[in-house]
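Visitor: This is the structure I have questions about; it appears just below.
The values are calculated or read from the model by the stated rules, or taken from the named source; none is laboratory data. It should be emphasised that the depicted structure is a prediction, and the values quoted were computed from it without experimental measurement. Here the Cβ positions follow ideal geometry from the backbone for every residue, glycine too, while neighbour counts run over all protein chains shown. For accessibility, only protein heavy atoms count, side chains too; no ligands or nucleic acids. Shrake-Rupley method; radii C 1.70, N 1.55, O 1.52, S 1.80 Å.
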Amino acid sequence: MDWGTLVGTVVGAMLGIGSTLIADRTRYRREQASRAYDALRDLYSTYLAALNDSSTALRVIILKESDAAARYQAALDAFRDASVLTQRYGMALQAPPEVREKSDQAYGLLRQWRDLLETHPGLSLTSPEYREGLDRFHQAREDLQVAMRASLVAVAR
């Protein structure tokens, strides 16, 4: 019996098994990263949509509602209907800390903007308080989007 043939066969089998294991591990990591990317992208999209729905609803309420109490109640209802708080919980559980921080800032500014309807009964789309609140919210949302994009790039690597 030739030992060289036997050793060559064993070494070839080990190399084949090893390369298969390495390929499987690489594919597994790539699939895990893809699933994490998709989950974060969906979470971020849903949260941004909820923020947008709430801010749009606030503008519509200011235009349509004249009674101060009805305005504020409509704003609270719109906030709830847009599920911003529910989506915020998802962000708290799944988003990285830097995105969570920016998310909390945007949410807090949106709430402050909403609460202007209670503290400023005559609020209009041209009021300085309204414009300032809107600008601050838009800046916070832009900062949030930058942090979201950075986290998605990090997950994709």
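Visitor: Of the heavy-atom accessible surface of the chain (probe 1.4 angstrom), what whole percent is carbon and sulfur? Could you put the intermediate results ahead of the total?
Guide: Numbers: 5510 of 9650 Å².
With neighbouring chains kept in place, the figure for the chain is 57 percent.
Visitor: Okay, moving on. Return an integer: the convex hull volume of the alpha-carbon atoms of the stretch 36-117, in Å³ per residue. Don't skip to the answer; put the middle values down first.
Guide: On the way: hull volume 5.7 nm³, N = 82.
It comes to 69 Å³ per residue, whole-number rounded.
Visitor: Next question. In nm, what is the difference between 0.36 nm times the number of residues separating ASP53 and LEU152 and their Cα-Cα distance?
Guide: 33.3 nm
Visitor: Also, I was wondering about something else. Please list log₁₀ I(q)/I(0) at q = 0.18, 0.21 Å⁻¹ for the chain, using the Debye equation with identical point scatterers on the alpha-carbon positions.
Guide: -1.02, -1.22
Visitor: Taking the simple approach of a point 7 Å from Cα along Cα-to-Cβ for both ILE17 and ALA69, what is their distance in nm?
Guide: Here the modelled spin labels are 7.9 nm apart.
Visitor: So, R0 is 35 Å and r is the distance between the beta-carbons of ASP24 and ARG80; what FRET efficiency does that work out to, to 0.05? Please list the in-between numbers first.
Guide: Values: r = 47 Å, r/R0 = 1.34.
Computed FRET efficiency for ASP24 and ARG80: 0.15.
Visitor: Now, a different point. I need the peptides 80-89, 2-11 ranked by packing, meaning the mean over residues of other C-beta atoms within 10 angstrom, with the highest value on top. Mind dumping the intermediate values first?
Guide: Values: 80-89: 15.9, 2-11: 9.1.
Highest-to-lowest ranking by the protection proxy: 80-89, 2-11.
Visitor: Ranked highest first by the average count of other Cβ atoms within 10 Å around their residues, in what order do 138-145, 127-134 fall? Intermediate results must be reported in sequence, preceding the final value.
Guide: Numbers: 138-145: 16.8, 127-134: 14.9.
Ranking, from highest mean packing down: 138-145, 127-134.
Visitor: Right, next: From the helices alone, meaning DSSP H stretches of at least four residues, give me the mean residue ellipticity at 222 nm for the chain, per-run term -39500 (n - 2.57), in deg cm²/dmol to the nearest 500. Write out the running numbers ahead of the final one.
Guide: On the way: 5 runs with 139 residues, N = 157.
Taken over the chain, the calculation gives -31500 deg cm²/dmol.
Visitor: Let me ask you something else. In the neighborhood of LEU109, defined by Cβ-to-Cβ distances under 14 Å, what is the net charge if each Lys or Arg adds +1 and each Asp or Glu adds -1? If you can, show how the numbers build up before the last one.
Guide: Working: positive: ARG88, LYS102, ARG111, ARG114, ARG131, ARG136, ARG141; negative: GLU101, ASP104, ASP115, GLU129, GLU132, ASP135, GLU142, ASP143.
Counting the neighbours of LEU109, the net charge comes to -1.
Visitor: Moving to a separate point now. Using mean Cβ contacts within 10 Å as the protection proxy, how do 60-72, 92-104 order, highest first? Can you show the working numbers first?
Guide: Details: 60-72: 14.2, 92-104: 16.5.
Put in order of decreasing packing, that is 92-104, 60-72.
Visitor: Whole angstrom only: what separates the Cα centroid of the stretch 1-22 from the Cα centroid of the stretch 35-61?
Guide: 54
Visitor: Which whole-number percent is the relative contact order of the chain (Cα, under 8 Å, 6+ apart)?
Guide: Numbers: 108 pairs, mean separation 42.9, N = 157.
Over the chain, the number comes to 27 percent.
Visitor: How large, in Å, is the stretch 28-68 by the Kirkwood hydrodynamic radius built from its alpha-carbon pairs?
Guide: Numbers: mean 1/r = 0.0796 Å⁻¹.
This gives a value of 12.6 Å.
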